[in-house]
1. Using only the Cα atoms of region 2-67, what semi-axes does the equivalent ellipsoid have when each is the square root of 5 times a gyration tensor eigenvalue? Give whole Å, largest first.
2. Just order 114-121, 165-172, 177-184, 35-42 by mean Cβ neighbour count inside 10 Å, highest at the front, would you?
3. As an exercise, use a Förster radius of 25 Å and the Cβ-Cβ distance of residue 100 and residue 22 to find the FRET efficiency, rounded to the nearest 0.05.
4. Calculate the FRET efficiency for residue 230 and residue 87 from the Cβ-Cβ distance with a Förster distance of 30 Å, rounded to the nearest 0.05.
5. Roughly what percent of Cα-Cα pairs across region 90-242 reach past 22 Å?
6. Over the chain, what is the relative contact order in percent, taking alpha-carbon pairs closer than 8 angstrom and at least six residues apart?
7. Considering the Cα trace of region 110-157, what is its radius of gyration and what is Dmax, both in angstroms?
8. Cα centroids of region 58-73 and region 167-184: how far apart, whole angstrom?
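Quick note: the coordinates plus some simple rules give every number you see, no bench work behind them. Everything numeric here is computed off the predicted structure, so don't read it as measured data. For neighbour counting, all protein chains shown are included, and Cβ atoms are generated from backbone atoms with ideal geometry for every residue, glycine included.
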């Protein structure tokens, strides 16, 4: 890959920004590889505007593969990541997942497109929706479930499936329903009410892991559950049902 050196560049930053390095030692290794590839005698001296050939090391290939992942794949990486899980258990702040660059004028369209992309990833029969089995496969993410707890997990997935279902078709979850769920997770409801319904300051196109997960554990019939179901249905009706 060809790279044009920009003002302020150094080999260290070029290596760090273009390769999937896990440590400073790996960055230094890549720096030396770039220098060798381009016959650079002093790694501290490079010139703005000069062309570099970036060698395709293992780190480079890993980095490019990560860039080429779909948003749906990155969403899975985020929701299932060990860092997220461990941070939640430890009560630490969790990095947000940016669904898209926030633009309120295209918010509903962007959210629905992202939701459809994610549904398509687990849509096995090609009808553009999830049935209960497809939803279960998504929710379990291919995990091996102990036979002893299989019925309990199946009951949980069935309840979550019903929670996401807000239209007249109880047998399928479509992109609009999933988008409504993500929208509800995105909104800072405390700020929404404090500002008399100022949507612009209450959504940001990002999901916090704790907020996202909380909607999977709401008890049916509680005031919080009913409130969020109402908000999801209102969003669905206003932006998608038409």
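1. Values: eigenvalues 67, 32, 23 Å².
Whole-Å semi-axes of the equivalent ellipsoid: 18, 13, 11.
2. Working: 114-121: 19.5, 165-172: 13.8, 177-184: 23.8, 35-42: 11.9.
Ranking the peptides 114-121, 165-172, 177-184, 35-42 by packing returns 177-184, 114-121, 165-172, 35-42.
3. Numbers: r = 28 Å, r/R0 = 1.12.
The pair residue 100/residue 22 has a calculated efficiency of 0.35.
4. Details: r = 31 Å, r/R0 = 1.02.
FRET efficiency, residue 230 to residue 87: 0.45.
5. Working: 4986 of 11628 pairs.
Percentage above 22 Å: 43.
6. Details: 240 pairs, mean separation 41.8, N = 242.
Relative contact order, the chain: 17 percent.
7. For region 110-157, the Cα-based Rg and Dmax read 12.5, 41 Å.
8. With region 58-73 and region 167-184 each reduced to a Cα centre, they are spaced 30 Å.
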